[in-house]
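The values are calculated or read from the model by the stated rules, or taken from the named source; none is laboratory data. Being a predicted model, the structure only gives us computed values, none of them experimental. As a convention, Cβ positions derive from the backbone with ideal geometry for all residues, glycine included, and neighbour counts pool all protein chains shown.
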Amino acid sequence: MTFLFILTTAVCLLTGREFLSMRADDVILPGPGLTAARALSDYFPALKNTPGDTPVYVFAGGREGGHMLITGGAHPNEPAGYVTSVVLAENIRVARGKVVIIPRANASGFTHSDPQEGSPQRFPIATARGERWFRLGSRVTNPVHQWPDPTIYVNPKGQTLAGIEARNLNRAYPGKAGGNLTEKVAYGIMALIAAERIDIGVDLHESAPEYPVINAIVFHENSADIAATAQMELQAEGLEFRLEASPPNLRGLSHREWGDAAGIRAVLLETPNASHGRLKGKPTVSLILDGRDKYYEKAARLGRLFVPFGPAGIPLKDRVVRHLAGLKAILTALGEVDPKKAMEVESLPPAARVGTEGIGACLR
Ligand SMILES: [Zn+2]
C-alpha cells in the first residue's frame with residue numbers, strides 16, 4: 001500500500017512537471033537591430049498579466065518608409081511561421097521604414113497541444129553552440145485560459161462558426177475589447193496596427209498538404225498588385241506560389257479584417273506542413289523537422305495532395321526558406337507599387353543560406 005502511494009506520487013510529480021513545462025516560454029534573442037521590445041499589452045492594457053499577452057519586437061530605421069507587421073504563431077501548431085519570425089527577430093536591421101514582429105501571436109495556444117494527437121511538445125534546432133528548443137502548440141487558445149466553448153461561435157463580424165473556433169485567433173479579427181481572450185488578442189493586434197501606423201501586415205501560416213490553399217499568397221483585394229508582383233519575383237527564383245484572393249464573405253481572418261477594418265494592405269503566406277495534416281502517420285519530432293511521411297507520399301501518388309510530396313518530404317528548413325523568400329518579395333513589391341513606402345531591411349537572412357546551412361545557422 002505504502003509502495004503504491006509512493007509510486008503514484010512519483011508518477012504525478014514527474015508527469016505534472018512535464019505538463020507544466022508546456023507553459024514555459026521559449027527563449028527568443030532579438031538581434032542588435034532591435035529598437036524597442038514591447039508587449040501586446042502596451043497597445044491594449046487589458047491584456048496585461050493575461051495569457052494573451054505576448055512580446056512585440058520593433059525594428060525602426062532612421063529614414064521614413066513603409067511599416068510592416070509580421071505575425072508568426074497565430075496557429076502555434078504551424079512551426080514554420082513561428083520559426084521564421086524568430087529568425088527575423090534575431091537578425092534584421094532596418095535602415096528605412098519599420099518592421100514590427102510578433103512571433104507568438106496566440107501566446108496561449110503555445111501552452112498546450114491538441115488533445116488526442118500525441119504531438120511532441122517541442123522540437124530542437126541545432127545551432128553552432130548547442131540546441132535551441134521551440135514549442136509546438138495547438139491551433140487554438142488553451143481551454144484553461146478560455147472556457148467553455150459555445151455550441152456555435154458568432155465572431156465579431158457576425159460569422160457563425162463551430163464552437164471551437166471561438167479560440168481561433170485567425171477567426172477573431174478585428175477583435176472585441178470586452179470579448180473572450182482570443183478576441184482581446186485580436187483587438188490588441190488591431191490597436192498595435194493603428195499605433196505603429198502599419199502599412200502592410202504579413203501573417204505567416206502553414207497548411208496541411210491535402211488542403212487546397214497551400215504554397216500560397218492569400219491577399220486582400222487592396223494588395224492584389226503586391227501579391228502579383230511578389231509572385232512573379234518568386235517564380236523567377238524558382239519558387240512557385242499560387243495566388244488566392246481573400247474571400248470577401250469569410251469574416252474574421254487576418255487578411256480580410258486587417259484590410260477592411262484597419263485599411264492596411266494584408267497578405268498571408270501558407271507553406272505545407274505534414275505534421276498537422278489529417279493523413280499523417282505518427283507525429284514525431286522528425287516529422288516536424290524532416291517533414292517525411294510515407295502516408296503523405298502515398299496520398300501524393302494517388303493524386304490527393306495540392307503539393308508535390310516525395311520520399312524527401314518537405315522539411316521545416318524548406319518551409320522557412322519559402323516564408324523568408326515570400327517576405328522579401330512582398331517587401332520589394334511594396335516599394336515598387338508604392339515608392340513612398342519603400343523599405344530597406346538589412347541582414348535579412350538570405351533564404352539560400354537557410355537552405356544550405358540550416359535554420360540553426362541563422363539563430364543566435
Ligand atoms: Zn494557420
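Close Cβ contacts (under 7 Å, 6 or more residues apart or on different chains) running from residues in region 237-262 that are within 17 Å of residue 185 (Cβ to Cβ) to residues that are outside any loop (DSSP other than H, G, I, E, B) and polar (S, T, N, Q) comprise 253/170; 254/170.
Checking 288, 330 one by one, the residue that is crowded, with 23+ Cβ neighbours inside 10 Å and touching a Ser or Thr at 6+ places or on another chain (Cβ under 8 Å) is 288 and no other.
Identify the residue in region 248-264 that is outside any helix (DSSP H, G or I) and within 18 Å of the chain's Cα centre (by Cα) and, among all such residues, is nearest to the ligand (Cβ to nearest atom). Filtering region 248-264 for residues that are outside any helix (DSSP H, G or I) and within 18 Å of the chain's Cα centre (by Cα), the one nearest to the ligand (Cβ to nearest atom) comes out as 253. In the set 216, 194, only one residue is more than 14 Å from the ligand (Cβ to nearest atom) and among the small types (Gly, Ala, Ser); that residue is 194. Restricting the search to region 112-144, which residues are assigned to a strand (DSSP E or B) and at positive phi? Hit for region 112-144 is 130, nothing else. Going by the conditions given, is residue 160 free of Cβ contacts under 8 Å to residues at least 12 places away in the same chain, away from the ligand (no atom under 16 Å from the Cβ) and either of a type in the set (D, E, K, R) or out of contact with any His (no Cβ under 7 Å at 6 or more places or on another chain) (or both)? Yes, satisfied.
Among all positions in region 103-111, there is no residue which is modelled with pLDDT of 95 or more and assigned to a strand (DSSP E or B). You will find that of 226, 264, 314, the residue that is more than 25 Å from residue 342 (Cβ to Cβ) and surrounded by 14 or more Cβ atoms within 10 Å (Cβ to Cβ) is 314 and no other.
For region 260-279, a residue qualifies if it is of a type outside the set (Ser, Thr, Tyr) and within 23 Å of residue 84 (Cα to Cα), and the qualifying residues are 264, 265, 266, 267, 268, 269, 270, 272, 273, 274, 276, 277.
With respect to the conditions (1) surrounded by 23 or more Cβ atoms within 10 Å (Cβ to Cβ); (2) not in a helix (DSSP H, G or I), residue 243 lacks only one, and its number is (1). Taking the conditions exactly as written (β-branched (Val, Ile, Thr), assigned to a loop (DSSP other than H, G, I, E, B) and crowded, with 17+ Cβ neighbours inside 10 Å), does residue 307 satisfy them or not? Taking the combined requirement at face value, the residue satisfies it.
Just one of the listed residues (55, 51, 45, 115) is farther than 21 Å from residue 361 by Cα, surrounded by fewer than 22 Cβ atoms within 10 Å (Cβ to Cβ) and modelled with pLDDT under 95, namely 115. Restricting 237, 221, 196 to those that are within 25 Å of residue 79 (Cα to Cα) and of a type outside the set (S, T, N, Q) reduces the list to 237. Applying the condition of being modelled with pLDDT of 85 or more and not in a helix (DSSP H, G or I) to region 350-364 and asking which residue is nearest to residue 317 (Cα to Cα) yields 358. Condition check for residue 129 on (1) touching a strand residue (DSSP E or B) at 6+ places or on another chain (Cβ under 7 Å); (2) surrounded by fewer than 19 Cβ atoms within 10 Å (Cβ to Cβ); (3) closer than 23 Å to residue 317 by Cα: one failure, at (1).
Filter region 150-209 down to residues that are of a type in the set (D, E, K, R) and under 22 Å from residue 113 (Cβ atoms), then give me how many there are. Qualifying residue count for the region: 5. Out of the residues in region 69-123 meeting the condition of being more than 14 Å from the ligand (Cβ to nearest atom) and polar (S, T, N, Q), tell me which one is nearest to residue 190 (Cα to Cα). The residue in question is 108. Scanning region 172-188 for any residue that is in contact (Cβ under 8 Å) with a residue 40 or more places away in the chain, within 16 Å of the ligand (Cβ to nearest atom) and over 14 Å from residue 255 (Cα atoms) turns up at least one such residue.
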